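The structure appears right after this line, and notes come after that.
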Amino acid sequence: MPTDNISGILIYVQKNREGYIHTVFFELLNKAKELSQKLGGVDVSAVVFTLPGQIDGYREAFMNMGVDKVYYFEDESFGVYNTEIYSRNIEELVREIQPEIMLIGATNEGRDLAPRVAGALATGLTADCTGLDINENGQLAATRPTFGGQLMATILCKNYPQMATVRPNVFKVNPVNNYSQTEFFKREARFFEYKNRVEILEFKKTVESVINELDSAEIIVAGGRGLKNEAGFKLLKQFADKIGASVAATRVAVEMGLAPQSIQIGQTGKTVAPKIYIACAISGAIQHTVGMENSKHIIAINSDENAPIFDIADTGIVGDFFEIIPEFLKIG
Ligand SMILES: Cc1cc2nc3c(=O)[nH]c(=O)nc-3n(C[C@H](O)[C@H](O)[C@H](O)COP(=O)(O)OP(=O)(O)OC[C@H]3O[C@@H](n4cnc5c(N)ncnc54)[C@H](O)[C@@H]3O)c2cc1C
């Protein structure tokens with residue numbers, strides 16, 4: 001990519017099939033606004049693929065949240081993500097508008113899209129970042145855990161755009177509006193030879209998509225080593241079903257074979273920020289709490305009154321999980 005006129009931050013807007021914008025976009029937007037200030041107030045732009053006319057439903061959100069420019073591609077097929085078409089069109093857009101930074105949510109879709117775009121543009125991509133900043137040379141300083149979570153590495157990219165993906169719930173959405181006179185640019189989508197190469201037959205809910213519900217779960221009940229065995233996790237699941245919660249686990253519980261790695265919360269697992277996080281028989285090791293400390297209300301159930309989890313809990317219940325939960329389940 002030519003290196004003159006490189007400026008601004010571009011963010012990919014992920015939508016779900018119902019047409020809602022994924023909150024990771026708003027989280028990235030909030031962080032991008034902060035980075036933009038450090039870069040002297042460069043434009044923060046968004047790229048989105050929409051059904052015909054669908055952009056009208058998004059205009060207000062983009063304006064209220066302070067997006068400077070929105071580039072949108074319209075087509076009847078854009079209700080559903082398409083790797084090849086999206087990545088090729090983004091590649092062309094990036095070559096033309098030359099952003100210095102491009103951010104993508106580290107969702108399943110973003111993890112598919114980002115490397116394709118980075119590969120096509122021959123630039124670097126730092127995946128699953130936990131922190132983004134601008135260094136003294138004006139470069140994107142992308143931080144992420146490495147060596148199995150034992151070290152935090154800050155990675156710089158020599159080429160443009162400097163690309164990064166960030167998991168949902170790592171950054172916060174700006175709670176207040178940040179109104180901007182957003183400019184909207186309709187782009188002609190190009191289909192190359194790809195339009196009919198992929199045919200979507202049906203969508204099925206898989207274990208992975210259930211797991212991804214953790215990203216947007218309002219209530220999570222998480223289990224640790226103190227649940228001891230499968231019966232403990234079964235009880236945790238009954239508890240979760242009763243209160244409409246999603247289930248998560250600590251790394252130790254995963255290592256004990258009680259839960260899949262994909263629902264592990266923490267430094268080497270997922271980052272979540274539900275309204276309520278109920279930590280059951282979890283000690284509260286830092287490697288776990290970094291993945292859930294942004295939860296709005298933390299409830300801890302632990303038999304050890306000195307367990308560190310109580311230091312960050314809003315509500316603490318000292319007691320035996322195997323006594324408390326069965327009693328709770330008896331209630332109506
Ligand atoms: C590089 C690295 C990365 C890591 N990444 C992660 C990560 O991503 N996520 C993660 O979770 N961990 C991670 N860990 C592991 C972390 O350090 C802790 O070992 C782990 O979080 C502890 O899990 P736990 O709370 O389930 O178990 P423990 O620390 O053993 O705690 C069990 C708790 O259960 C309580 N308990 C026991 N029985 C009962 C009962 N009947 N009722 C109520 N309470 C009871 C005990 O009092 C105790 O507090 C990582 C470690 C390293 C070194």
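The values are calculated or read from the model by the stated rules, or taken from the named source; none is laboratory data. Source: prediction; values computed, not measured. Virtual Cβ from ideal backbone geometry, glycine too; neighbours counted across all protein chains shown.
Some values worked out for this structure:
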quantity: From Glu84, Glu136, residue being assigned to a loop (DSSP other than H, G, I, E, B) and in the same structural domain as Gly41 (by TED's automatic domain parsing); calculated: Glu136
quantity: Check on Phe49, part of a helix (DSSP H, G or I), assigned by TED's automatic domain parsing to the domain that holds Thr182, surrounded by 17 or more Cβ atoms within 10 Å (Cβ to Cβ) and hydrophobic (A, V, I, L, M, F, W, C); calculated: no
quantity: The stretch 252-286 - residue that is small (Gly, Ala, Ser) and in a helix (DSSP H, G or I) and, of those, nearest to Val166 (Cα to Cα); calculated: Ser262
quantity: Single match in Glu183, Glu193 (criterion: exposed (fewer than 12 other Cβ atoms within 10 Å of the Cβ), under 29 Å from Leu125 (Cα atoms) and not hydrophobic (A, V, I, L, M, F, W, C)); calculated: Glu193
quantity: Per-region count, the stretch 257-270, residues within 6 Å of the ligand (Cβ to nearest atom) and farther than 14 Å from Glu213 by Cα; calculated: 4
quantity: Residues satisfying the stated conditions in the stretch 212-228, i.e. touching a helix residue (DSSP H, G or I) at 6+ places or on another chain (Cβ under 7 Å), surrounded by fewer than 24 Cβ atoms within 10 Å (Cβ to Cβ), farther than 24 Å from Gly110 by Cα and of a type outside the set (Gly, Ala, Ser); calculated: Ile219, Arg225
quantity: Qualifying position, being within 13 Å of the ligand (Cβ to nearest atom) and out of contact with any Phe, Trp or Tyr (no Cβ under 8 Å at 6 or more places or on another chain), among Ala253, Ala240, Ala279, Ala273; calculated: Ala279
quantity: Matching option when the condition is over 21 Å from Tyr160 (Cα atoms) and modelled with pLDDT of 95 or more, among Leu103, Leu29, Leu51, Leu93; calculated: Leu51
quantity: Check on Tyr194, outside any strand (DSSP E or B), in contact with a strand residue (DSSP E or B) (Cβ under 9 Å, 6 or more places away or on another chain) and within 30 Å of Arg88 (Cα to Cα); calculated: no
quantity: Enumeration of residues in the stretch 287-306 that are outside any loop (DSSP other than H, G, I, E, B) and more than 8 Å from the ligand (Cβ to nearest atom); calculated: Thr289, His297, Ile298, Ile299, Ala300
quantity: Residue within the stretch 152-165 that is modelled with pLDDT under 90 and part of a loop (DSSP other than H, G, I, E, B) present; calculated: no
quantity: Given (1) surrounded by fewer than 16 Cβ atoms within 10 Å (Cβ to Cβ); (2) closer than 24 Å to Asn159 by Cβ, number of the condition Met102 does not satisfy; calculated: (1)
quantity: Which numbered condition Ala248 misses (of (1) within 11 Å of the ligand (Cβ to nearest atom); (2) surrounded by fewer than 22 Cβ atoms within 10 Å (Cβ to Cβ); (3) not aromatic (Phe, Trp, Tyr)); calculated: (2)
